[in-house]
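Each remark here refers to the structure printed beneath this line.
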Amino acid sequence: MEPLFEALYAYAVKNRCSAYLAEDEEEWSKIEEMVCRAMEELAAKGCGVPAQKVSDGLSTLHELGQRSLFRSGLSIGLELGRL
């Protein structure tokens with residue numbers, strides 16, 4: 001089943017629509033701007049490398065969360081298909 005998950009995930013990533021709802025776009029933009037300003041402030045204080053590591057780590061965690069959510073949805077769909 002693992003190759004099926006990977007193939008479907010690759011297809012979903014390639015053909016996905018926006019991961020965020022329209023009503024979340026404003027909040028997303030504000031948070032993204034806040035994070036960018038914080039990164040700039042940390043870089044100006046000589047903490048650019050640790051700040052980048054935090055940013056990279058958060059991006060990876062987000063990606064893993066998205067993948068987990070996809071797999072959960074796929075599992076639910078497969079179960080419903082069996083009913």
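The values are calculated or read from the model by the stated rules, or taken from the named source; none is laboratory data. Keep in mind that this is a model prediction, so the values were computed, not measured. The accessibility values were calculated without ligands, DNA or RNA, using every heavy atom of the protein model including side chains. Shrake-Rupley method; radii C 1.70, N 1.55, O 1.52, S 1.80 Å.
Overall, the accessible surface of the chain at a probe of 1.4 angstrom is composed of carbon and sulfur to the extent of 63 percent. Principal-axis analysis of the Cα atoms of the chain puts helix 22-44 at an angle of about 40° to the longest axis.
Working from the pairwise distances between different alpha carbons, so that the mean of 1/r is found and then inverted, what is the chain's Kirkwood radius in Å?
On the way: mean 1/r = 0.0646 Å⁻¹.
Kirkwood hydrodynamic radius for the chain: 15.5 Å.
Under a straight-distance cross-link criterion of Cα-Cα below 21 Å, which lysines are reachable from residue 45, leaving out those fewer than 8 residues away in the same chain? Filter leaves 53. Per residue, the accessible area of the chain comes to 83 Å², computed with a 1.4 Å probe over protein heavy atoms only.
Which angle between 0 and 90 degrees, to the nearest 10, do you get for helix 2-15 versus the longest principal axis of the chain when only C-alpha atoms count? The two axes meet at around 60 degrees.
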